[in-house]
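Asks: Handing you this structure, nothing more for now.
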Amino acid sequence: MKQLLAGILVLFLLLPVAQSFAQVTNTPSTLGVKLTSTQPFIFKNDEGYTVVIGEVENTRSFAVNNVKIWVGFYSSTTTAPGGQPPLETVTGTSLLDVIPPNSKSPFIVMSSTPNSNISEVNINVLGFNSVSSKQQLLEISAPSASVGNTVKVTAEITNKGQQDSIDTNVHLIAYDAFNPPRIVGIETATVDRITKGSSERITFDAKMDYRATSFKLVAESDNYQSKITGIPKVTLDSITKLITIGNVRITESGNQTSEVRVGTPVQISSDLSIQFGAKTSQQQGYVYYAQVKQFGDKAPVEFLGFYEGVFDSAQPQTAVVTWVPENEGAFFVEAYVWDMDGVALAAPSKTISIILVKP
């Protein structure tokens, strides 16, 4: 069984430390296999390749496989009315070979070249086949994940089937704190054979995007699958993960905006959350910095403002600074949180607000 499905168009700005994107259409829910409503996560890796991480959902009452995800990579000019064909296209598959009925699977697709001109992405689910479900006779568990410079997880996979589990792929999936959460990283390890009735341990020590706040595991072999299983406890072993910066935004008179005029005051704000633990006291002072840069090769700094605050509980806070634009042009915002001695308490914000300043 095959069906052609509509897709989504994603536009994003890719800078050395910045990224922004938006979904402008959605996939109808009546077509069987669809892209979920969760925003895809798009970034350039260290080698300059554009990476797209998303999720598809099987809404049918039967299992499917051979799910094909087509991604077209464009520049801003190739997607304009009358524009040229995509710079390149890549067809990938879902992370799970077989997606059970009424279930979801991540996918990850990467551009074939490290093309710096790529700034927009078009995603389509091309089709799928119906297939028999795999028995979910693999049981996977991991009591905790430790987050520092890398994410460390030790998982145990038990084969409860009557056959050996051959070529078992174990996937560690990282999610951010959005609602619904986006998948921001996938790491895969393989166990050649898990004999029937036995267990194997596997350890991840993986570099993940700093936005990762929760993790799940899923395993699949040639003949069996596991359920997608959450990791209940996430601990921090790095001070730079103490505070999380979220929802960087620009508002004018209380309304979020992306366009202002020279001389008009605007507020730059971020939502800050803290995780208290053994390494932190009951009060944590901080300085929130909002830095405005102009687009360009050297990204000159236009404005730097700061806000001082204190966490005396785990309740989230909002940090706000005021910026009065002096020059017209296109700008982006970066946010940082340091302690009073200049030690980083959070990873630099890479989810940014874009603003156009007009005369």
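Readers should treat all values here as calculations from the given coordinates under stated rules, not as data from a laboratory. Since we're looking at a predicted model, the values are computed, not measured. Please note: Cβ atoms are built from the backbone with ideal geometry, for glycine as well, and neighbour counts cover all protein chains shown.
Asks: Roughly speaking, what is the stretch gain from ASP222 to ASP312, that is 0.36 nm per residue apart minus the C-alpha to C-alpha distance, in nm to one decimal?
Replies: Numbers: separation 90, 0.36 × 90 = 32.40 nm, distance 5.15 nm.
Result: 27.3 nm gained on full extension.
Asks: How large is the Kirkwood hydrodynamic radius of the stretch 138-236, counting all unique pairs of alpha carbons, in Å?
Replies: One over the average 1/r among Cα pairs gives 13.6 Å for the stretch 138-236.
Asks: Report, for the stretch 241-357, the % of DSSP beta bridges that are antiparallel, rounded to 5.
Replies: 95 percent
Asks: Grab the beta carbon distance between LYS233 and GLU259, set R0 = 45 Å, and tell me the FRET efficiency rounded to 0.05. Write out the running numbers ahead of the final one.
Replies: Working: r = 44 Å, r/R0 = 0.98.
The calculated FRET efficiency here is 0.55.
Asks: Under the rule of at least 5 residues apart or a separate chain, name every residue whose amide H is placed under 5 Å from the amide H of LEU137.
Replies: Distant-sequence amide H within range of LEU137: GLN225.
Asks: Hey, rough spin-label estimate for GLN283 and ILE354, points 7 angstrom out along Cα→Cβ, what's it come to in nanometres?
Replies: Calculated label separation equals 4.3 nm.
Asks: Between LYS196 and GLU252, what length comes free when the chain is fully extended (0.36 nm per residue of separation minus the Cα-Cα distance, one decimal in nm)? Write down the numbers at each step before the final one.
Replies: Working: separation 56, 0.36 × 56 = 20.16 nm, distance 6.26 nm.
The LYS196-GLU252 span can extend by a further 13.9 nm.
Asks: Return the long-range amide H neighbours of PHE107 (sequence gap of 5 or more, or a different chain), with a cut-off of under 5 Å between placed amide H atoms.
Replies: Residues meeting the criterion, in which the H sits 1.01 Å from N, are GLY54, GLU55, VAL56, LEU95.
Asks: Around GLU156, under 13 Å between beta carbons, what's the net of Lys plus Arg minus Asp minus Glu among the other residues?
Replies: Taking every other residue near GLU156 into account, the sum is 0.
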